[in-house]
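> Below is a structure I'd like to ask you about.
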Amino acid sequence: MSPTTLNVLVIDDEQLARENLKLLLEEFCDGVNVVGMAGNIRDAKALIERKHPDVIFLDIRMPSGAEGFDLLDSLKDINFEVVFVTAFKDYAIQAFKANAIDYILKPVEIEELQKTAERLHERISGNKVRQDVKPQITSAFDSIRRKQIDRITIPQKSGVKIIETKNISHLESKGNYTIIHFTGKEPFLDSRTLKVYQEILPKDFIRVHNSHIVNGSEIVEYTVEDGHSLVMKNGDMVPISRTYLKNVKDYLNAISFK
């Protein structure tokens with residue numbers, strides 16, 4: 001059994017969906033106690049204020065048309081973990097990944113739910129006083145509404161770092177971490193892998209090497225001296241591997257006709 005018990009709220013306006021998720025959480029996830037369920041924003045807000053949950057599982061867009069976003073927007077602080085439950089598999093998922101937000105897809109798969117519960121236990125057991133996650137959620141909401149990932153958020157012990165993607169020069173793999181290089185600022189180390197960044201960054205970011213992704217708008221030169229490389233606005237040289245050379249040439253050909 002898990003050393004801590006997570007007090008959880010389930011919020012979805014479909015009664016069957018609420019009851020099904022409650023059953024799966026309590027039957028298959030160790031150390032999870034569903035302390036309440038709600039089918040609308042008003043009841044959910046009252047439950048949150050009364051129960052002080054560790055986690056809420058929130059339907060991203062209730063079939064009635066009331067978005068789960070509205071509930072979180074109405075709260076001054078979000079000092080509990082939020083897991084979005086969604087049937088959307090496209091842009092919303094990209095935004096959640098970009099902002100390090102937990103989500104599960106409908107129909108809910110037991111194995112994915114268990115993995116989510118394990119991550120929640122790890123975070124909460126190591127951090128009894130949780131930071132306000134509202135900046136991450138707000139950034140994700142904005143991205144979904146605009147259908148453009150122009151900001152990413154990175155959780156830190158002291159809070160949340162918000163990065164505008166336009167300020168990124170290139171990204172470099174460092175084992176299971178990623179070094180984010182900027183123009184005019186010191187690099188930043190993130191615990192997400194380069195593969196994750198490839199999935200979440202806008203289309204102007206190009207994979208050019210197993211260890212490198214570049215922001216196309218930051219390229220100032222393509223050179224074949226001493227191997228294929230790109231020169232970035234900040235002066236850095238980024239190598240191009242043979243595997244990804246076509247990516248670079250296709251991008252350069254495309255922008256030459258704009």
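> For the stretch 4-78, what class follows from the C-alpha gyration tensor (a ≥ b ≥ c being the square roots of its eigenvalues): rounded when a/c is under 1.5, otherwise prolate if a/b is larger than b/c, else oblate?
Working: a/c = 2.23, a/b = 1.28, b/c = 1.75.
Since a/c reaches 1.5 but b/c is at least a/b, the shape of the stretch 4-78 is classed as oblate.
> In the chain, with Lys and Arg counted as +1 and Asp and Glu as -1 at Cβ, which of these residues, ALA95, ILE219, TYR177, has the Cα nearest the positive end of the dipole, that is, farthest along it?
Checking the options against the dipole of the chain, the answer is ILE219.
> Right, next: Using a simple charge model, +1 on the beta-carbon of Lys and Arg, -1 on the beta-carbon of Asp and Glu, nothing else, what dipole does the chain show about its Cα centre, in debye to the nearest 20? Walk me through the numbers before you get to the answer.
On the way: 35 positive and 38 negative charges, 111 e Å.
So the dipole magnitude of the chain works out to roughly 540 debye.
> Which whole-angstrom value gives the distance between the alpha carbon centres of the stretch 215-234 and the stretch 143-174?
Answer, in whole Å: 23.
> Using the basic label-point model (7 angstrom from Cα toward the beta carbon), what is the GLU19 to ILE255 distance in nanometres?
5.7
> Moving on to the next point. Of LYS157/LYS233; LYS134/LYS166; LYS22/LYS147; LYS106/LYS161; LYS106/LYS249, which ones are farther than 28 Å apart at the Cα?
Working: LYS157/LYS233 31 Å; LYS134/LYS166 22 Å; LYS22/LYS147 32 Å; LYS106/LYS161 30 Å; LYS106/LYS249 39 Å.
Listed pairs above 28 Å: LYS157/LYS233; LYS22/LYS147; LYS106/LYS161; LYS106/LYS249.
> Still on this structure, please answer the following. Given a 1.4 Å probe, how much area per residue of the stretch 187-240 is accessible, in Å²? Each step should come with its number before you reach the end.
Working: 2740 Å² over 54 residues.
Heavy-atom SASA per residue in the stretch 187-240 reads 51 Å².
> Please state the shape class of the stretch 55-197: rounded when a/c is under 1.5, otherwise prolate if a/b exceeds b/c and oblate if not, all from the C-alpha gyration tensor.
Values: a/c = 1.59, a/b = 1.41, b/c = 1.13.
Here the stretch 55-197 falls in the prolate category.
> For the chain, which whole percent of the accessible surface, found with a 1.4 angstrom probe, sits on carbon and sulfur atoms? All intermediate terms of the calculation are to be shown ahead of the outcome.
Numbers: 6620 of 13790 Å².
The C+S portion of the solvent-accessible surface of the chain is 48 percent.
> With a 1.4 Å probe and every protein chain left in place, tell me how much accessible area MET237 has, in Å² to the nearest 10.
My reading of the accessible area for MET237 is about 110 Å².
> Which net charge results for the neighbourhood of MET37, defined as the other residues with beta-carbon distances under 10 angstrom from its beta-carbon, given Lys and Arg at +1 and Asp and Glu at -1? It would help to have the intermediate numbers written out before the result.
Details: positive: ARG18, LYS22; negative: ASP12, GLU19, ASP43.
Result for the neighbourhood of MET37: -1.
> Sort the following peptides by mean Cβ neighbour count (other Cβ atoms within 10 Å, averaged over residues), highest first: 205-216, 161-172. Mind showing how you got there, number by number?
On the way: 205-216: 20.8, 161-172: 18.2.
Most protected by this proxy first, the peptides run 205-216, 161-172.
> Out of residues 5 or more away from LYS161 or on other chains, whose amide H comes under 5 Å of its own, with H placed 1.01 Å from N in the peptide plane?
ILE154, GLN156
The values are calculated or read from the model by the stated rules, or taken from the named source; none is laboratory data. Since the model is a prediction, treat every value here as computed from it, not as a measurement. Using ideal geometry, Cβ is built from the backbone for each residue, glycine included, and neighbour counts are taken over all protein chains shown. Protein only, heavy atoms only, side chains kept; ligands, DNA and RNA dropped before computing areas. Shrake-Rupley method; radii C 1.70, N 1.55, O 1.52, S 1.80 Å.
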